[in-house]
Structure formats: C-alpha cells, structure tokens
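Structure first, then comments.
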Amino acid sequence: MTMIPHAELLSAATLSWLEQPKLLFINNALVDNLDGSRIAVLDPATGAEICQVASASLGDVDKAVQAASRALQGTWGATTPAERGRLLWRLADLLEKRSQIAQELESLDVGKPLLETLVFDVPQAVEHLRYFAGWATKLYGQSIPSSLPGEALAYTRREPVGVVAAITPWNFPLAIACWKLAPALACGNAVVLKPSELTPLTALWLAELAREAGFPAGAINVIVGTGLEAGAALVRHPLVNKVSFTGSPRVGREIMQVASQDFKRITLELGGKSPNIILPDADLHQAVEGAMTAMFFNQGEACVAGSRLFVHASQSAEVLAALKSRAEQIVLGVGLDPSTQMGPLISSQHLERVQGFLQRATADGAELITGGKQHGINGYFLEPTIYKATDTLEIARDEVFAPVLTVLEYTDTEDLIRRANSSQYGLGAGIWTSDIKAGIRMAHQLKAGTVWVNGYGMLEAAMPWGGFKQSGIGREMGSYALEHYTEIKTVWLNLL
Ligand code: NAD
C-alpha cells in the first residue's frame, strides 16, 4: 500500500515513477550522490512527504559539470544541427504523449490546479522544445565585406557557449526548465539543470525522457540540491561557461557577483510587482476578469502577477465589490482534485513570510477587502486576499509572491505612467481600455519587458520574455534567446 499523498488521484504510470529511487541524472544514468544525503519533497496541500531525492553536494556538482564538458568534446559536440532539432522534436513528442504524468507530477509537487498544468505548464514546455527545434538549423552567421587593403573573406559563426548551468525556481518547474533547455540544446550547449529543491520531480522525470528521445550522454544532466550548496557550487564551477537563472532578485544578485569573477555569461529572470491599469473607458467586466487571472493564476506565485491594480477613484467601489465577490468564489483545494481552482502556497516558510506581509499591511493602514487568513487546517493554503492601499506601503511595493492583490486608486490619468513606473521592477504590465491608440501610447511609456493591452499573461515561445530594471538581465524565448546561448566568432581568410 503506497503512502504517496493523493495516490487515489494519480495514474498508475505516475505512481510507478514516483516509487522509483530519485537519484541524480548524470551522463544519461541515474547515480547516487557521494554522501548519501536526501531531501524530502513535501506535498504543499498536506505537508506530507511525497518522496526523498538525492541531494547533490560539491563533488556531485563537479561530476555533472565534467559530464557536460566531456559531452561537448564527444558525441554531443559532433551532433549536427539537424539532428539536434530532431532530438528536441522527439522529446516534445514524448512529453506530449506522456503529458498526463507531467501534469500530475507538477500539480502534486507545486500544489497547482491540474487544469493549469493542462493549459499552461505542459503545453509551454512542449511548444518551447518544438520552437527551438526549428532554430537548430538556422543559426546563421554573416559574410561581411571587408574594407581593409588587399582582399579577404570574413564571416561570422555562432558557436555554443559551452556548459550551461540552468537554475530554476519552484513555481513553474517544467516550463521554466524547457525555456532554458530548448534554446541551450538547439545551440549545441550541454546543460546541467538544477531545479528548485522544493519541486524537483518534473525535471528528473524529463531527464529520463530526454535519454529515451536519444540525447547522447552528458548533453542533459539534472542534479537536485540546495541553492546554498549545489546551486552555489554550480555557479562557481570553472568549467561552467554560462548561468541561466530564474528566481529571486536576492539570489540573482549573488549569482551576478560570483559569475563576475571569471566573467561567466549570465541571464537573470527575476521578480516583479507588475502594474495592471484599468482606464476609465475599459470594459469593466473584461478588466475585472483579467485582473483576477493576472493575480490569482498559480496561487499568485507568478513573477509576472499583476499585483498592483490601478483603478479610477470613480470606479473603485464597483471594481472592489466585483473583485471581492469573485475572490470569495475561488475554490481552494488539493491541486490534483479537478474541482480545485487555487492550490496551497509552496511551503510553511513561504506561508509564514506572506503572513508577515499581511500583518505589516494592516499595521501600515492598508484596508483589507477580503481574505487575509490561512485556509483549512492542513497544508499551506491562504485565502485569496485583496487590499486597498497607497503606493508607498510595503504591500504595494514589494513582491509578495502569493494570492495578494493591492488595489491603488487614481484620479489623475496623466500621473499614472509615473506611478506605474515607480517600482524597482519592470517585468510585465497590463492596460485595459476601449481606446486602442491610448492603450498603445501607454504601452510604449511603461518600463516593462512585456505589456498586454486588454489581456494579461499571454506568453509563447516565439515572444521574448524578460525584465527591465531589477526584473532581470537578458531575454528568454524567441530569436532573442539565441544571443545568450551562442558566442559569435569572426573568421578571416586572407585571399592574397
Ligand atoms: P530562489 O531565488 O530562492 O531560488 C531559485 C533557484 O536558485 C532554486 O533552484 C534555488 O535552489 C537556487 N539558489 C538559491 N540560492 C542559490 C545560490 N546562492 N546560488 C545558486 N543557486 C541558488 O527563488 P524561488 O523562491 O525558487 O522563486 C521565486 C522567485 O523567482 C520570485 O522572486 C519570482 O519572481 C522569481 N521568478 C521569476 C520568473 C521570471 O521569468 N522572471 C519566473 C518565475 C519565478
């Protein structure tokens, strides 16, 4: 009789995978770690243990990086662009075919509703693999006319950066892993992926799928471990050429400092406190629905959550009433239960941290519209929470990373851009209006990597993704990502 939480909601295939030992994936093999230490992976809906995972330390990180480095000198380094594309496409096909396992593992591990894994996490992962499969054969250089005396042929090549350390957070583990793996592999790099120690399951599962798809040994390695030990060792490793990191600004800053020692290439996708602006002429019903999704998708544990909602003072009573009513209808529960609309927060530590924000918001004078309390007796559930506040309060400035919406009133439309831009972050922004020209003008003035007009959160492999200001450095997705996974080499040939 299995002790895996919610076993009755899991397919036989998922249960069977969960029951296997969870080791490190290095050189296409599952290998135990050197010191035998384990990390317990917990179910956020109950706090019960799902399974234990081998935890990498310095020596294990070295093994994984050496494997990636050797792969670049061996079969993987010699794999043609067309074959790299075929491998990525095959992995996408396998992932799509086994999507039920991916959905169940992600929902169990992160606590998110199964429906969200069906419409977002798994299709995101599949589409990234396919999109970048197409790029593998299109990494062109240029032939550039030289003006030097004599005659020469000069051209550029795009070459892989080398060993890529991909470090991911716990909120979208599978999708974000593929945002990094797909372009890195399409460009011919070898990857050591370190998922968050809180949600390592889909990354480990995907590694086995990649082996089945035919990726040669060492091209993809997955090591689970703490940030302080495995993450830090990976960033410091001299054979790592590039770090692609998604996570908190605090850790991003540390990585940037460490990477500067030997000038490792870095891309950072960090936090946000994104403004979502309802202009007075907006379709209010559409805007409220949009604001709900922008904030409460994935329990509000989304970097791009529209957590600062600007509403005109003349409409604020109506909008707040509609938001309150919608928030109070959200069904909280175990992610795997098909009736669940919102899951728990990721951990007891995160819940405590969020409760600290809520206590300070009240002490600071923010008006609680709804929510604010822990929900149920098991797990780490928080009621969908809405405050009315002013711009300078902590709750309106700092990233809470939870289902906590802050509504800010305005009367002066002219001053809105300044207020919306008055944040250390610049990841996303939303505008709701029936005047499309005004919406587009505003979109051009907002300091954010992505701006949505009359929508929120659309995201696809072809569109660049990343932040202005302290929301990050560089772009993932689209052709822009290729810049970060290739080095440009100029070759000269003297023709005289
Ligand atoms: P985190 O920074 O705590 O951890 C992210 C990853 O970094 C984990 O794998 C962790 O183990 C590792 N890590 C921790 N310390 C490290 C160190 N010293 N060296 C190397 N690696 C280390 O972030 P989190 O709590 O997992 O995720 C939440 C944060 O991620 C939020 O701030 C959120 O906004 C951000 N995020 C951003 C995006 C984006 O696309 N911009 C997407 C998702 C999440």
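The values are calculated or read from the model by the stated rules, or taken from the named source; none is laboratory data. It should be emphasised that the depicted structure is a prediction, and the values quoted were computed from it without experimental measurement. So basically every Cβ, Gly included, is an ideal-geometry build from the backbone, and we count neighbours across all protein chains shown.
For the reader, a short list of remarks on this structure follows.
- Boolean, SER314 is touching a Lys or Arg at 6+ places or on another chain (Cβ under 7 Å) and either aromatic (Phe, Trp, Tyr) or in contact (Cβ under 8 Å) with a residue 12 or more places away in the chain (or both): no
- Among (1) more than 13 Å from the ligand (Cβ to nearest atom); (2) part of a loop (DSSP other than H, G, I, E, B); (3) within 29 Å of ALA190 (Cα to Cα); (4) in contact (Cβ under 8 Å) with a residue 24 or more places away in the chain - the single one LYS489 does not satisfy: (2)
- For region 334-366, a tally of residues being of a type outside the set (Val, Ile, Thr), within 16 Å of the ligand (Cβ to nearest atom) and part of a helix (DSSP H, G or I) returns 8.
- Matching residues, region 2-27, being among the polar types (S, T, N, Q) and assigned to a loop (DSSP other than H, G, I, E, B): THR2, SER11, GLN20, ASN27
- Restricting LEU15, LEU34 to those that are touching a Gly at 6+ places or on another chain (Cβ under 6 Å) and surrounded by fewer than 17 Cβ atoms within 10 Å (Cβ to Cβ) reduces the list to LEU34.
- Within region 239-260, residues that are in contact (Cβ under 8 Å) with a residue 40 or more places away in the chain and of a type in the set (Phe, Trp, Tyr) reach partners that are crowded, with 16+ Cβ neighbours inside 10 Å and part of a strand (DSSP E or B) with beta carbons closer than 9 Å, at six or more positions or on different chains, in the pairs PHE245/ALA165; PHE245/ALA166; PHE245/ILE167; PHE245/ILE266; PHE245/THR267; PHE245/LEU268; PHE245/GLU269; PHE245/GLY472.
- Hits in region 291-333 (condition: within 16 Å of the ligand (Cβ to nearest atom) and touching a Phe, Trp or Tyr at 6+ places or on another chain (Cβ under 6 Å)): ALA294, GLU301, GLY306
- Number of residues in region 244-284 that are under 25 Å from LYS447 (Cα atoms) and within 21 Å of the chain's Cα centre (by Cα): the value is 25.
- Looking only at region 373-414, and only at residues there that are hydrophobic (A, V, I, L, M, F, W, C), assigned to a loop (DSSP other than H, G, I, E, B) and under 23 Å from the mean Cα position of the chain (by Cα), the one that is nearest to the ligand (Cβ to nearest atom): PHE401
- Residue match in region 415-423 (condition: surrounded by fewer than 21 Cβ atoms within 10 Å (Cβ to Cβ), of a type in the set (Lys, Arg) and within 12 Å of the ligand (Cβ to nearest atom)): no
- Strands (runs of 3 or more DSSP E) lying entirely in region 96-209 (those with 3 or more residues that are under 18 Å from the mean Cα position of the chain (by Cα)): 163-167, 190-194
- The set of residues from region 306-327 being within 15 Å of TYR387 (Cα to Cα) and not in a helix (DSSP H, G or I) comprises GLY306, SER307, ARG308, LEU309, PHE310, VAL311.
Residue-by-condition table, conditions (1) surrounded by fewer than 24 Cβ atoms within 10 Å (Cβ to Cβ); (2) within 15 Å of the ligand (Cβ to nearest atom); (3) of a type in the set (A, V, I, L, M):
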| position | (1), (2), (3) |
| --- | --- |
| CYS178 | no, yes, no |
| PRO183 | no, yes, no |
| GLU197 | yes, yes, no |
| GLY218 | no, no, no |
| ALA230 | no, yes, yes |
| ASN241 | yes, no, no |
| MET256 | yes, yes, yes |
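- Test: residue in region 425-432 that is part of a loop (DSSP other than H, G, I, E, B) and either within 16 Å of the ligand (Cβ to nearest atom) or within 28 Å of SER248 (Cβ to Cβ) (or both): yes
- Residue within region 320-328 that is at positive phi, loosely packed, with under 15 Cβ neighbours inside 10 Å and modelled with pLDDT of 95 or more present: no
- Any hit, region 394-409, residues being modelled with pLDDT of 95 or more, basic (Lys, Arg), under 20 Å from VAL304 (Cβ atoms) and touching a Lys or Arg at 6+ places or on another chain (Cβ under 8 Å): yes
- Within region 447-460, tally of residues that are buried (at least 22 other Cβ atoms within 10 Å of the Cβ) and in contact (Cβ under 8 Å) with a residue 60 or more places away in the chain: 3
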